[in-house]
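Enquirer: Attaching a single structure in C-alpha cells format; questions to follow.
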Amino acid sequence: MTVTPQGSDTDQNASSQTAANLPQPALRLHWELDRVWRNDRGLRGQLRAVNHSTVGLRFMCTSLIFFGIGGILAMLIRTQLATREGAFLDTELYNQIFTMHGTIMMFLFAIPMLEGLAMYLLPKMLGTRDMAFPRLSSFGYWCFLFGGLILLVAMFAGVAPRDGWFMYTPLSSSAYSPGINADVWLLGVTFVEISALAAAVEITVTILRMRAPGMKLTDMPLFVWYILGAAAMMLAGFPPLIAGSVLLEMERAFDWPFFDPERGGDPLLWQHLFWLFGHPEVYIIFLPAAGVISTIIPVLSRTRILGYGAIVASILGLVFLSFGLWVHHMFTVGIPHMALAFFSAASLLVAVPTAVQVFAWIGTMWKGRPQLQLPMLYILGFFFTFVMGGLTGVMLAIVPFNWQVHDTAFVTAHLHYVLIGGFVFPMMAGLTYWLPMITGRQRIKGIGELAFWTILIGFHGTFFIMHLTGLIGMPRRIDVYPDNPEWGLLNLVSSVFGFIMTIGFALFALGAILQAWLGKRTARDPWKAPTLDWAMALPPPSYNFASLPGPAITGMEDAGKAALPLARGEGMLPGAPRGRREVLVTSVGEARMEHVAILPSNTAVPLFLAAAVGVFVLLMLFGLYHAALVSLMPVLWLVWRWARNMVSQSAIPPVHVAPGVLLPVHYDCPNTLTSTGLRCFLFANGTFFASLVFGLAFLSLVSPGPPPPEPAGTFAARAVIIMFGLLALVLASVVPGRLLQKVPSRAVTGRLVLFSLAANLITLLAAGGLALWQMEDPTVHARGAVQAALLGYVCLHVFISGVFSAFVLDQNRRGEVSADRLGALRHWKLWQAFTMAIAVLSSAVIFAQGVSI
Amino acid sequence: MVSLVKRAGSVSVPLLVVSACSSPLSALNPAGPAADAISILWWIFLIGAGVLTLFVMCLIAISFGGPRQVSERRWTVGLGVGFSLVILSGLLVSGIAVGERLLPKEDAIVVHAHARQWSWTFSQPGPGGVWVETERDLHIPAGQPVDVRVTSGDVIHSFWVPRLAGKIDAIPGRENVLRIEADRPGIYEGRCAEFCGLGYSGHRFRVIAHSLDDWPESIPLIPAEEAE
Ligand code: HEM
Ligand SMILES: [Cu+2]
Ligand SMILES: [Cu+2]
C-alpha cells in the first residue's frame, strides 16, 4: 500500500503501514542527524544558529531578563508611591519609569515570551524538525534583541520614552515631547515588532504546512490551535500599530501633520490605530497562555480535554470578536453614546468564549482526577486571579462605570489581574511543566511551592486593594499625592506586598536555575502526556525526531511510547543520509504528504540583516535621514543574498520518505512553504494598507478639523499621470503570469523580464511626477500627508516588484529558470499582483478624495 | 432596594473602606445624581462579582473530589454560553439604561472648561454677552444640571469630578460635553484624569456649588434659556 504525494483517499490505517521504515541503530542515526542539524561550535556557532530550540530558548530567556528589568522598574514605582510625597524620583524620571515598565512588559516580555514558547514547542508538537523559516526565527530574535537594547540604552542614558505605554499624541508630538524620547519608543518598538511579524508568519506556515502526515487540523493539540489563533491575530493586529508608529514618526521627523488638529489631523486617529492593535494584543497574550492551560489540565487530571470542539470554536470567536472592541479603551473621548453601547455589547460578548473555555477546563477537572502538582498550583492561581480580572473587565465594559474608573488605579489593578493572572501564572505553569524537557532534569522540591504561595499572596496583596484606591479617586500615572492622605495607607500596603511578590519571583528564578544545575536527570515523558513533544529524548536532540511520526503515531494516548520506534528510524524520512536538513511538507487541511523541504542550515546572514536594519533605525533616531536612506543599500544587498541562498543550482532527485513513498523536493513544487509564507505576509501587509486607508477615511469623514486646501495641479493632469502609471504597472504585471503559463526560451524570457523591469521603473517615474507636480505639500494638511504616505507605500511596492524582476533576470542569466524550475517567478507574480491591487485601490481612493473636495 | 444594596455593600466592607470612601475624590462618596447612579452600579457589580468568583472557586474545589461523569453540553453550552449570556445581557441593559440617563439632554446651564498644561480656565456667559472667566474654580448652582463644555489648548486632558460624575476628555480640536450636578452646596474636588506630562499630578481644580441665596456677586448666574 503506498501513499501518493497527491494524497489519494487511502484510509488512515492503511497509510500508516507505509510509515514503517526498517529499524536502524538509534545511536548511529543520532550521530548522522546531529552532525547536520546541530549549531556550529563556539561563539561563532551561536551567532549563526537558526535551530528552533536554540532560538526559542533564547527568546524565552531574553524575555525573562526583560521581565526582571520590568519588575525592578515596578519596584521603583511602588517605592515612589508608598508615601505621599514620593521617595526619590523626580517627575520626569518617574514618567520614564512607568512608561518603560509598561513598554517592556508588553513588548519585550509578553510577546517575545510567547513567541519563544511557540517556536520551541511547535515543531516538537507537530512532529517535525524545525520551524518553516529557520533563518527568519533567527532574524526575528536579533531584531527583538537590538530593538530592546535600544530602549534599554535610552533608559540608562536618561532619554527613555515618557508619554505612557500608549504614547497618546499630541503629548508625544514634537511640540510637547521634544528630544528623542518619543522617537526611541516609535522606532525601537517598531523594530521589535518586525520580530513579532516574522514570528507570526512562520508560526502560521509551520502549523498549516508542517504537521505530521495525517494530523488533520481537527487532530491538532489545543495548544497548536491557540498559537494559530494568536499568530493570525498578530498578522492582523500588529500592522495598525506599525502604521500608526510610522505616521507619528513621520509627523515628528518631517512635520507631516497626521495628528495635528490645527492642520486637519486628529489625535483620535492615533488612539484608534493604537487600540486597533492594543486590544487584540491582550488576546494575543492570553491565547498562548490558555493553550498552556488546555495542555496541562487534562494531563495532570489524567483525562482528555472536555469540549475540544467548543474550545476551538471559542478560539475562533475570540480571534474575530477581539478586533471589534478597541473602542472600549476610548469610552471617555466623546464618541456618541449609542456607538459606545455597541462596543460595550461587543466587549461583553467576548466574555462568552472566555467563559466557555473556563468552564470546559473546570469540567475537564471534574471528569478526571486532578493532581496537585506544581504546574497545577499555578493553574489554580490562574483561575483565582483571572476570574476576578475578567469580572472587573466586564465591569469596565459598562460605559457609565468606565467613565468613573477609567485611567484610575482601578484599571491598573484590572490590567495586572488579567496580565499576571492570565499570562504570568499560566507561563509559570508552563515553565514548570516543560522545564524537565528543556533542562532534562527534575525540579528541586519545595522551592517552587514556596515561590507560588509568595507570589500569590504578594500579588493579591498588591493589587486587590488597588481597585479601592482607584475607586476613591487615585489616578494612574501620578508620582505624588500630597493632598490625599486617604490614599496613603492603601498605597503603602500595595508597596509592601509588591516587594513580597518580587521575592516570590526571585524564588521562582532560583528554583529554575537550581533545577537546570543540580536537578536529577528526568525520565522520558515524565508527565505521561499524549502530545508528540514528549516523544523524544530529554533534553531534545537538535533534530527532535530521528524519523518523523506518521499517521500511526499521531493521536496516541501516550506519546512517550512512540519515542523508541521514532528514534530507531521507523517513522518517515529517517536520518540525514543526504546530509541535508529535510522535513516533510503536508497539505493544509488533511495533512497529506506533499513534498520534502530542504531547510537552510546555520548562517549569520540573519544577524547581519538585523544589524543592518538596526543601523537604519539608529540613523533615523538621530535624525540623519539621508544617511538612513543610504543605509538601506546593505539591507537590500543582504536580502538579495538571503534569497540567493534559496535557489538550487542543480536538479535534485526525489526522496524516499518511506518504503514506496517517493516525494519531490520543494524546488520542483508549486506550493512551497515560502509561497504560503508570502501569502501570510501579504495578508499582514494588506492590513497595513487598510490601516492607512482607514486613516484617510477617518480624517475625511469623522475629524472636525479645517478643510484641506485646493489640490495642486488640475484634475485632468492628475488623471492622465495616474492612468499612465497604472498602465505601465499593468504591463509590468502581466509578464510573470505569462511566463508562468509557459516558459519560453532563455533569450525571450530575458527580454520579457527586462521589459517588466522597465515598466516598473516607468511607474515609479509617473509616481514621482505625481508627487512633484500634482499633489499638495504634505506638511500643509493631514489629508495631503496621508495621500502622500499612500503614494510612498505604493512606490515602495513597485520598487520591490522591480527588485523581484531584477532577481528573476539574474536567475535567467544563470540559467536557473526553466519549465520545471520556476525559481522566484511565482513569488514575483504574487508580489506584482498585490502591488497592482494596492495601486489601483490607492488611485481610486485619491480620486474619490479629489471629487469630494 | 437600591439603598438596601448600598447598605449591604457598605456593611460588608471593613472600616478602612468606609472611612476611605469619604475621600474628596471618591467615586464612592457621591454628591450628585450621575455619581450616585454609578456608585450603585458599583455596589451591585461588587456583590455579583463576589458571588460569581465564589461560585467558580467552589466548582474548582469540588473537582478534586474524584472523577465524575460530566456532560460536555452542560459545561460548554449550558454554563459557558447560557449562564454567561444571561448575566451579561442583564449587565448590558442596565449599563445602557444608566448611560442614557446621564447624557446631557434637556436644557441646562452651560459653562466652558478649558484645560492647558497645567491649569484650568472656566468661563460662563455673563449679562450682555460678556464671558466671565475663573481660574481653577468652577462655580455652579447646587441642585441644577450643568453642561460643561470641555476643550483643550494643548495636549489631551480629562475633566473629572468623581463625587459628581464620570470623566470626559479634553481633546485639542474637539469640544466634549459632560453633564454634572451637585445635590447640595459644597466644594467638590476635581482633577485632570488623562496623563498630560510633567504637571499631571497637580493638574487639579475645584467645583464650588452654591445655593442660589448666597451666590457670589462676582460670578453672574445665567439661567439655561438665556445662556443659549
Ligand atoms: C512584577 C509585578 C508588577 C508590579 C508590582 C507592577 C506594578 C505596576 C504599577 C505600580 C504600575 C503603574 C501604575 C501607575 O502608573 O499608577 C504599572 C503599570 C503597568 N504595568 Fe505593571 N506591574 C507588574 C507586572 C506587570 C506585568 C507582568 C505586566 C504585563 C505583562 C505589566 C503591565 C503594565 C502596564 C501595561 C502598565 C501601564 C503602564 C502605563 O501606564 O503606561 N505589569 N505596573
Ligand atoms: Cu481592550
Ligand atoms: Cu491634564
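The values are calculated or read from the model by the stated rules, or taken from the named source; none is laboratory data. Small disclaimer: the values here were computed from a predicted structure and weren't measured. Note that we place each Cβ from the backbone using ideal geometry, even for glycine, and neighbour counts take in every protein chain shown. Accessible surface is based on the protein model in full, side chains and every heavy atom, while ligands, DNA and RNA are left aside. Shrake-Rupley method; radii C 1.70, N 1.55, O 1.52, S 1.80 Å.
Enquirer: If you consider only alpha-carbon coordinates, what radius of gyration and Dmax does chain A have, in Å?
Expert: Computed over the Cα atoms of chain A, radius of gyration and Dmax are 27.6, 85 Å.
Enquirer: On the protein heavy atoms, probe 1.4 angstrom, tell me the percent of accessible surface of chain A carried by carbon and sulfur. Don't jump to the answer; show the numbers that get you there.
Expert: Working: 20430 of 28830 Å².
It is 71 percent, rounded to a whole number.
Enquirer: Still on this structure, please answer the following. Jot down the radius of gyration and Dmax of the range A:707-852, Cα atoms only, both in angstrom.
Expert: In Å, with Rg to one decimal and Dmax whole: 17.2, 57.
Enquirer: Roughly how far apart, in whole Å, are the Cα centres of the range B:125-197 and the range A:352-429?
Expert: That distance is 37 Å.
Enquirer: Continuing with the same structure: Suppose R0 equals 45 Å. What FRET efficiency, 1/(1 + (r/R0)^6) with r the Cβ-Cβ distance, do A:Leu701 and B:Arg73 give to the nearest 0.05?
Expert: 0.50
Enquirer: With unit charges on the beta carbons (Lys and Arg positive, Asp and Glu negative) and the dipole taken about the Cα centre of the protein assembly as shown, which residue among A:Pro551, B:Thr151, A:Pro261 sits farthest to the positive side?
Expert: A:Pro551
Enquirer: For the pair B and A, how large is the buried accessible area, both sides, in square angstrom to the nearest 100, if the probe is 1.4 Å?
Expert: Result for this pair: about 6600 Å² buried.
Enquirer: Using only the heavy atoms of the protein chains and a 1.4 Å probe, how would A:Asp130, A:Asp255 rank by accessible area, largest first?
Expert: Of A:Asp130, A:Asp255, the descending order of accessible area is A:Asp255, A:Asp130.
Enquirer: With charges only on Cβ, +1 for K and R and -1 for D and E, what is the dipole size of chain A about its Cα centre, in debye, rounded to 20?
Expert: Working: 51 positive and 42 negative charges, 606 e Å.
That gives chain A a dipole magnitude of about 2920 debye.
Enquirer: Right, next: Enter the mean number of other protein chain beta carbons within 10 Å of the beta carbon of each residue in B:23-31, as an integer.
Expert: Rounded to a whole number, the mean comes out at 6.
Enquirer: With a 1.4 Å probe and every protein chain left in place, tell me how much accessible area A:Cys61 has, in Å² to the nearest 10.
Expert: 80
Enquirer: Follow-up question, since we're still on this one. Straight-line reach from A:Lys445: which aspartates and glutamates have Cα under 19 Å away, leaving out those fewer than 8 places along the same chain?
Expert: A:Asp525
Enquirer: Let me ask something additional. Using a basic spin-label model with each label point 7 Å from the Cα along Cα→Cβ, how many nm lie between A:Ala758 and A:Ile72?
Expert: 6.2
Enquirer: What residues qualify as long-range amide H neighbours of A:Thr586, i.e. H under 5 Å apart, gap of 5 or more or another chain, H built at 1.01 Å from N?
Expert: Answer set, sorted by chain and number: A:Met210, A:Arg211, A:Glu594.
Enquirer: Something else about it: Mind checking which lysines have their Cα closer than 17 Å to the Cα of A:Lys528? Skip sequence neighbours fewer than 8 apart in that chain.
Expert: A:Lys124, A:Lys561
Enquirer: Can you show me the helix-derived [θ] at 222 nm for the protein assembly as shown, built from DSSP H runs with n ≥ 4 at -39,500 (n - 2.57) apiece and divided by the number of residues, rounded to the nearest 500.
Expert: -19500 deg cm²/dmol
Enquirer: Sticking with this one: What accessible area per residue, rounded to a whole number of Å², is obtained for the protein assembly as shown using a probe radius of 1.4 Å?
Expert: Here the per-residue accessible area is 36 Å².
Enquirer: Further question on the same structure: What range in chain A is the longest one free of GluC sites (Glu not before Pro) that are in a loop by DSSP and have at most 10 other Cβ atoms within 10 angstrom?
Expert: A:86-556
Enquirer: Given all pairs of different Cα atoms, what value in angstroms does the Kirkwood hydrodynamic radius of chain B take?
Expert: 20.3
Enquirer: Follow-up. How much accessible surface does B:Lys105 have with a 1.4 Å probe, in Å² rounded to 10?
Expert: Rounded to the nearest 10, that gives 120 Å².
Enquirer: I've got another one for you. Taking θ as phi - 60°, what are the ³J(HN,Hα) couplings along the range A:136-146 by the Karplus curve (6.51, -1.76, 1.60), each to the nearest whole Hz, with x for Gly and Pro?
Expert: Couplings: 5, 4, 5, 4, x, 4, 5, 4, 4, 5, 5 Hz.
Enquirer: Using a 10 Å cut-off on Cβ to Cβ distances, tally the other chain neighbours for every residue of B:163-170 and report the average as a whole number. It would help to have the intermediate numbers written out before the result.
Expert: Working: counts 1, 0, 3, 10, 10, 5, 11, 1.
Mean shielding by partner chains, rounded to a whole number: 5.
Enquirer: A further question follows. Once you average over the residues of A:310-317, how many Cβ atoms of partner chains fall within 10 Å of each Cβ?
Expert: 2
Enquirer: Can you spot the lysines whose alpha carbon is less than 30 Å from A:Lys742's alpha carbon? Ignore those fewer than 8 places along the same chain.
Expert: A:Lys829
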